[in-house]
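Down below is the structure, laid out as structure tokens.
The values are calculated or read from the model by the stated rules, or taken from the named source; none is laboratory data. Owing to the predicted nature of the structure, the values given are computational and were not obtained by experimental measurement. Counting neighbours? That spans all protein chains shown, and the Cβs are built from the backbone with ideal geometry, glycine included.
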Amino acid sequence: MKLYRAYLFDLYGTLVDIHTDEGKPDFWKTAASCYASHGADYDASALQSEYRRLCAAETARLQSEYPGAAVEIDLLRVFHSLYEARGILPDEALLADTAWAFRQASTTRLRAYAGAGALLAALRLTGRTVILLSNAQACFTRPELNLLGLTDRFNRVYISSEIGFQKPDPRFFLAPLRDLKLDPADCVMIGNDPVCDVYGAVSVGMDAVYLRTALSPAGAPNVHPHALISFQSANLRQLRNVLLR
């Protein structure tokens, strides 16, 4: 495989194995306790209902501004509104703490796949630009990158909640291209989602590598016809050999 100027990576299901469950027993009770500890009184049912209503309202607001786009809300706005509804104006630190407590309460598994850090480091040692392009919430993902020791493995990190668009929307892919003055023909996207990662990359003129992992969408193919190469697992050591040979 040719050496590219820039390598764009998906995160969850590509470099990181994760499982979250907001429906698990006592999740909303735990979340409500977090709000109550800061003076915002909710019971579990009321918090769940208002959270979902606010998420839907935020999504509708963005969709009205960008019809047909794959938009991404910023959950910090939702967490802020939940406090504001109880007469509290939270600062950035409180919002960050609340978001992290919310994420920790829902997470049952979080680990980097074997070889993830080494793969990213090896690419950077060749002088290539390594970019994270993740459909995610920055208030969750940035702390998780720190926890997993992956933050410094990337030259640049792009998270959909900070951009307002998510893969496969071209505007999300074009953000790093614009910022770093990259030609899409000099870039390759590596990800585990056949639509968000492979189709999205190809639609803006990038090449793509497809990993069919346990976190790929249900019904995802083992081999993607538009990917340069497909892997049937998150074997990042094998991927490293292919990308650098």
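I'd like to verify a number: residues in segment 212-230 that are over 21 Å from Val242 (Cα atoms) and over 17 Å from the mean Cα position of the chain (by Cα), how many?
Selection size over segment 212-230: 3.
Mind checking which helices (runs of 4 or more DSSP H) fall wholly inside segment 1-97 and carry at least 1 residues that are β-branched (Val, Ile, Thr) and under 21 Å from the mean Cα position of the chain (by Cα)?
44-65, 75-84
Which of the residues belonging to segment 101-117 are surrounded by 16 or more Cβ atoms within 10 Å (Cβ to Cβ), touching a strand residue (DSSP E or B) at 6+ places or on another chain (Cβ under 6 Å) and not hydroxyl-bearing (Ser, Thr, Tyr)?
Leu110, Ala112
Restricting the search to segment 1-44, which residues are within 22 Å of Pro90 (Cα to Cα) and without any contact (Cβ under 8 Å) to a residue 40 or more places away in the chain?
Residues satisfying the conditions are Trp28, Lys29, Ala32, Ser33, Ala36, Ser37, Asp43, Ala44.
May I ask you to verify whether Gly205 is surrounded by fewer than 16 Cβ atoms within 10 Å (Cβ to Cβ), within 21 Å of Ile159 (Cα to Cα) and touching a helix residue (DSSP H, G or I) at 6+ places or on another chain (Cβ under 9 Å)?
For Gly205, the condition - surrounded by fewer than 16 Cβ atoms within 10 Å (Cβ to Cβ), within 21 Å of Ile159 (Cα to Cα) and touching a helix residue (DSSP H, G or I) at 6+ places or on another chain (Cβ under 9 Å) - is met.
Among the numbered criteria (1) out of contact with any strand residue (DSSP E or B) (no Cβ under 6 Å at 6 or more places or on another chain); (2) in a helix (DSSP H, G or I); (3) not charged (D, E, K, R), which single criterion is violated by Leu120?
Unmet for Leu120, out of (1) out of contact with any strand residue (DSSP E or B) (no Cβ under 6 Å at 6 or more places or on another chain); (2) in a helix (DSSP H, G or I); (3) not charged (D, E, K, R): (1).
Within the group Phe173, Phe102, which residue is among the aromatic types (Phe, Trp, Tyr), touching a Phe, Trp or Tyr at 6+ places or on another chain (Cβ under 8 Å) and either part of a helix (DSSP H, G or I) or in the same structural domain as Leu215 (by TED's automatic domain parsing) (or both)?
Phe102
Any residue in segment 181-204 that's outside the structural domain of Gly127 (by TED's automatic domain parsing): show its pairings with residues that are surrounded by 17 or more Cβ atoms within 10 Å (Cβ to Cβ) and assigned to a helix (DSSP H, G or I) at Cβ separation under 8 Å, as long as the two are six or more apart or on different chains.
none
Pick from segment 52-98 the residues that are of a type in the set (Asp, Glu) and in contact with a Cys (Cβ under 9 Å, 6 or more places away or on another chain): which of them is nearest to Gln166 (Cα to Cα)?
Asp74
Restricting to segment 67-122, what's the tally of residues that are of a type in the set (Asp, Glu) and without any contact (Cβ under 8 Å) to a residue 24 or more places away in the chain?
Total satisfying the criteria: 4.
Which residues, taken from segment 176-187, are surrounded by fewer than 23 Cβ atoms within 10 Å (Cβ to Cβ) and outside any helix (DSSP H, G or I)?
Listed by number, the residues that qualify are Lys181, Leu182, Asp183.
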